[in-house]
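Worksheet: one structure, shown below.
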């Protein structure tokens, strides 16, 4: 959800479908659910995501270190997802709508300037990571 005030001081709230957690597995560790579960607030920056070079969406909102808010799959049920703890905004054209809402609320049309001026924060509410459930093929 994005919320704030526009240039006319009107309240704006927009909901988005997103993936918050991912599954991480390495050769020497068992698969586990990862992602930010604790309550926390971060000022975001617009940043290049080097691990997403294979996509057209190589930029996203850096929460900190390797945690981002970025474009997710058009269809989250497809199982095609690259998040390992990032927030992925899901749905066709929803990433663009997400960023357009940010521009509207910030009063700027440049995502880099919004990040450079520290105009965007993300507030994570505390939750429990969902259990990892093995499904049969």
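When you scan segment 35-53, do you find a residue that is out of contact with any helix residue (DSSP H, G or I) (no Cβ under 7 Å at 6 or more places or on another chain), modelled with pLDDT under 90, loosely packed, with under 10 Cβ neighbours inside 10 Å and under 24 Å from residue 111 (Cα atoms), even just one? Taking every residue of segment 35-53 in turn, at least one turns out to be out of contact with any helix residue (DSSP H, G or I) (no Cβ under 7 Å at 6 or more places or on another chain), modelled with pLDDT under 90, loosely packed, with under 10 Cβ neighbours inside 10 Å and under 24 Å from residue 111 (Cα atoms).
Provide a single number: the residues in segment 87-111 that are part of a loop (DSSP other than H, G, I, E, B), surrounded by 13 or more Cβ atoms within 10 Å (Cβ to Cβ) and over 14 Å from the mean Cα position of the chain (by Cα).
Of segment 87-111, the ones part of a loop (DSSP other than H, G, I, E, B) are 90-93, 107-110.
Subset that is surrounded by 13 or more Cβ atoms within 10 Å (Cβ to Cβ): 90-91, 108.
Narrowing further to those that are over 14 Å from the mean Cα position of the chain (by Cα): 108.
Number of matching residues: 1.
Among the residues making up segment 1-22, a single one is at pLDDT below 90, surrounded by 10 or more Cβ atoms within 10 Å (Cβ to Cβ) and closer than 21 Å to residue 130 by Cα: 22.
Entry remark, segment 112-130: residues being within 17 Å of residue 86 (Cα to Cα) and outside any loop (DSSP other than H, G, I, E, B) number 4 in total. Of everything in segment 56-81 that is in a loop (DSSP other than H, G, I, E, B) and touching a helix residue (DSSP H, G or I) at 6+ places or on another chain (Cβ under 9 Å), the residue that is modelled with the lowest pLDDT is 57. Only a single criterion out of (1) assigned to a helix (DSSP H, G or I); (2) touching a strand residue (DSSP E or B) at 6+ places or on another chain (Cβ under 8 Å); (3) modelled with pLDDT under 95 is not satisfied by residue 25, namely (1).
From the list 133, 84, the lone residue that is under 17 Å from the mean Cα position of the chain (by Cα), at negative phi and not in a helix (DSSP H, G or I) is 84.
The values are calculated or read from the model by the stated rules, or taken from the named source; none is laboratory data. The structure displayed is predicted, hence computed values, not measured ones. Because the Cβ atoms are built from the backbone with ideal geometry, glycine has one as well, and the counts that use them run over all protein chains shown.
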